[in-house]
Every structure is written in C-alpha cells, then in structure tokens.
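The values are calculated or read from the model by the stated rules, or taken from the named source; none is laboratory data. Note that this is a predicted model, so its numbers are computed, not measured. Only protein heavy atoms, including side chains, enter the accessible area calculation; ligands, DNA and RNA are left aside. Shrake-Rupley method; radii C 1.70, N 1.55, O 1.52, S 1.80 Å.
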Amino acid sequence: MGIPFGRLGPVFARFGHRTYPRWAWPLFEQEVRGWPPAARVLDLGGGTGVLAARARAIRSDLELVVLDPAAGMLRHVPPGLRTVTGRAEALPFAPDHLNAVLLGEALHHFQDAGAALAEIARVLRPGGKLWIYEFDPTRGIGRWVYWGERLLGEPAAFFTPQALQGRLAALGFTGDFVERDGRYVLSARLAGETPREAARPA
Ligand SMILES: C[S@@+](CC[C@H](N)C(=O)[O-])C[C@H]1O[C@@H](n2cnc3c(N)ncnc32)[C@H](O)[C@@H]1O
C-alpha cells in the first residue's frame, strides 16, 4: 500500500503549492536569498518541483535539481529544471557537492529517514543549508496527517521539531524552527567543519 505518487503528478503540479501555509513562504524566501551566488540546490523528494520552481522565481542564478523516485511526479517538473530519479537514502552526489537541500512535505515519506538525513549531511558542503517543511505528529493538524498517513500505509516518519533538531544536531547541524498549528519550518546549517572533514588527512 502507500500513496501512489507515480500517478499523482498532475494533481501535485496543479495544487502542490497550496498545501503549504502562507506563513511558510516568507521564511522560504528568506532562506533562498541567504544562499551563496550560483548555489547548487537539491529539492529532495521534490515531486513536481514545487519548491525548486519557487526558488527559481526568487533567484535565477541557482543550479537546481529535483530528485524523486516517482517518474510520474518528475514528468510534471517545469521545463528548465534538472530532474534525477533516485532515493533520499542513497543520493547520487559526491560528498560536499551541494550548497543547500530543500525537503518539503517529503521526509515523513522516506522509508529510512535516518539514512536520508545522514546522506544530506554527506552531500552538503560545510556550512551548507537545509530547509525543511514538516508536520508535528503531536499537535494540531499534524496529528491528523500522522494518523491519515499511517492508515494509508505510508512510512509516517514524523518528528516533532525538537526531535528533528536533535537528530540534526547529531549530524553536525544547528537550526531553529517556526511552528504553527502542527506544521513547522526548520532551517539548519551544517557546521563549518564536519567530523568527516576533521578526519580527512591534511
Ligand atoms: C507529498 S510529496 C511532496 C512533493 C514536493 N516536495 C512538494 O512539495 O510538492 C512527497 C514526495 O516524496 C517522494 N518520496 C517518497 N519516498 C522517497 C524517497 N525514499 N526518496 C525521495 N523521495 C521520496 C514521493 O515520491 C513524493 O513525490
């Protein structure tokens, strides 16, 4: 079972942006404007590229990639955005390749969220940014989404923002979140020097 994302491309292409609350967009814009020039950015579990398209509308200098396992979603990514078929648990990028990763309503769908977060830390450059939009399974609308996804047979790998902050801290990130009615935006930065870097021979 599970949500048949491969068949939902047209729906997400048309209505995907509406699933984000209005208050999240200024936070998104602030994030996008903070990236370095010509930043390499991954929209992970990006589906039809809702976030990548929005980032491109804010800044035209970005190198954007939308990665998703569902070809039926990627087919509806707007022209001009690069697409990659793949999974978050095994990202097809070299270490330190990316400046930023976007995760919009995606983390809770991953089979192995822990492996995905470790992969994000691997492919981000030191100082790289991670922007996450998610549901808090203990509050407001997040409780309903949690139970709905469990009934649908989805992985339902939901974290409270505090728990996600803790998981990210263990990987070398520091970050803050804004939460409203069971939905939250978490913006985190990978440390300048990761344990992986420190272990590298000079
Ligand atoms: C609710 S959709 C969100 C899509 C997009 N981020 C948006 O905001 O419209 C969740 C997406 O996660 C993708 N997904 C599921 N498992 C995944 C995995 N292991 N790795 C990467 N993406 C995955 C699905 O195919 C789907 O496109």
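Here are the numbers for this structure:
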read-out	value
Per residue, in Å², the accessible surface of the stretch 61-202 once ligands and nucleic acids are set aside, probe 1.4 Å	47
Sequence-distant residues sharing a close amide H with residue 84 (under 5 Å, placed H)	66, 67, 68
Average silhouette area of the stretch 1-58, convex hull of alpha-carbon atoms, in square nanometres	4.8
Kirkwood Rh (inverse of mean 1/r, distinct Cα pairs), the stretch 40-98, angstrom	11.4
Net lengthening on full extension, residue 150/residue 19 (0.36 nm per residue, minus Cα-Cα)	45.3 nm
Per residue, the convex hull volume that the Cα atoms of the stretch 53-155 enclose (Å³)	128
Stokes-Einstein D in µm²/s, Kirkwood radius over Cα pairs - the chain at 20 °C with 1.002 mPa s viscosity	126
